[in-house]
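S.K.: Dropping a structure here in structure tokens format, bear with me for questions.
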Amino acid sequence: MSLKAAIQKATSGAFNAISSLCTAATYTVVSNPGYNASTGVITPSEVNHTVSVLLADYAQEMIDGEHIKPGDQKAYIPAENFTPTCKGGDKLTISSEAWQVVKAKIDPAEAMWELQIRRP
């Protein structure tokens, strides 16, 4: 097993261990809708994925009002068994509340996504 695979497994195990702190959510990948000119049909532009997230606040000194605004949250998603590539503009729905993904990054071992989310 490579070091990368070991880190991915360890991250997944850690999320399992703290599952009581995680929240069920729906991650929605948003893409440009397709349009079929011959039929006039627009194809769906959103695909939903069920996921468990760990939410965290930003430290007060990180909130600058421009890049990180008051009320922004961090959402962590283990990358193992999560196939979408997260990106800004996607959505995260937690307890029927929609959040916009402002920024998404994955760690060097590709074990965990860190999302900056904001209420629209």
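Coordinate-derived values only; no laboratory data. What you see is a predicted model; the values in this text were computed from it and never measured. Cβ: placed from backbone, ideal geometry, glycine included. Neighbour counts: every protein chain shown.
S.K.: Looking only at ILE63, ILE42, ILE94, which one moves most when the chain is put into a Gaussian network model with springs between Cα atoms under 10 Å?
M.R.: ILE42
S.K.: Length gain on complete extension for the stretch GLU97 to SER38, per 0.36 nm per residue less the alpha carbon to alpha carbon distance?
M.R.: Stretched out fully, the GLU97 to SER38 stretch lengthens by 17.5 nm.
S.K.: For GLU97, GLU66, GLU110, what's the fewest-to-most ordering of other Cβ within 10 Å of each Cβ?
M.R.: GLU66, GLU97, GLU110
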